[in-house]
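Working notes, structure below.
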Amino acid sequence: MNIFRLAGDLSHLLAIILLLIKIWKTRSCAGISGKSQILFAIVYISRYLDLVTTFISVYNTFMKLVFISTSVATIYLMYVKFKATYDHNHDSFRIEFLLVPCFLLALLINNAFTPLEILWTFSIYLEAVAILPQLFLVSKTGEAESITSHYLFALGSYRALYLLNWIYRYYAEGHYDLIAIFAGAIQTILYCDFFYLYITKVLKGKKLQLPA
């Protein structure tokens with residue numbers, strides 16, 4: 001554990017809390033991509049299957065359970081409780097175009113050819129692109145509410161902070177994982193345009209708009 005990883009975890013947790021607050025308080029999931037939420041649920045479940053085989057720490061176990069449970073809860077709110085507010089028409093990204101390549105890549109490039117390791121690698125690749133349906137939805141609708149923008153910024157910050165965590169671990173511990181670093185870099189790059197718009201518009205009180 002180091003300050004970058006802790007800050008990354010807290011940023012990730014903040015993103016989830018902001019999303020749940022947005023849905024619950026407005027009684028609406030307008031502007032939120034259910035497909036991105038499904039992808040994130042797949043990421044957490046496939047990555048944290050080691051919960052049944054390995055114990056690292058109470059903190060580690062708690063955070064894994066939180067991410068799995070909140071992702072499932074978000075899907076329930078979007079597809080069951082507030083289903084009438086979900087924008088099916090604009091949330092039209094074909095997630096199979098992300099799932100299949102990520103799984104095939106995990107079969108080809110991994111640290112060990114075992115079921116848990118392949119699923120972990122698959123989750124790393126998939127997380128890098130899981131936000132694409134959300135960005136696609138924002139682009140199609142033309143703008144995002146401020147709380148949705150805060151959610152996306154916190155989510156992007158989480159991965160950027162994890163990049164700093166890996167850099168720190170390399171210099172402090174001599175530890176590195178090229179798969180995680182590469183996927184994390186791709187994920188952060190996907191957020192760069194959003195980060196710029198967030199800083200120049202949302203923080204000045206304007207609505208965020210992405211080019212169609």
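The values are calculated or read from the model by the stated rules, or taken from the named source; none is laboratory data. For clarity, every value in this text was computed on a predicted model and none was experimentally measured. These area figures cover heavy atoms from the full protein model, side chains too; ligands, DNA and RNA do not enter into them. Shrake-Rupley method; radii C 1.70, N 1.55, O 1.52, S 1.80 Å.
Descriptive notes on the structure:
- K22 exposes around 10 Å² of accessible area when a 1.4 Å probe is run over every protein chain in place.
- Angle of helix 58-76 to the longest C-alpha principal axis of the chain, folded into 0 to 90 degrees and rounded to 10: 30°.
- Helical mean residue ellipticity (222 nm; -39500 (n - 2.57) per DSSP H run of 4+; nearest 500) of the chain: -23500 deg cm²/dmol
- These residues, H88, H175, H12, go from largest to smallest accessible area, 1.4 Å probe, as H88, H175, H12.
- Estimated at the nearest 10 Å², the accessible area of M63 is 20 Å² with a 1.4 Å probe.
- C102 sits with roughly 10 Å² accessible to a 1.4 Å probe, with DNA, RNA and ligands left out of the calculation.
- Most to least accessible of I3, I95 (protein chains only, probe 1.4 Å): I3, I95
- Shown here are the Rg and Dmax of the Cα trace of segment 3-98, at 14.7, 43 Å.
- Of V72, V138, V80, the one that fluctuates the most in a GNM where the chain has Cα springs shorter than 10 Å: V80
- C-alpha long axis of helix 146-173 to longest principal axis of the chain, angle in °: 20
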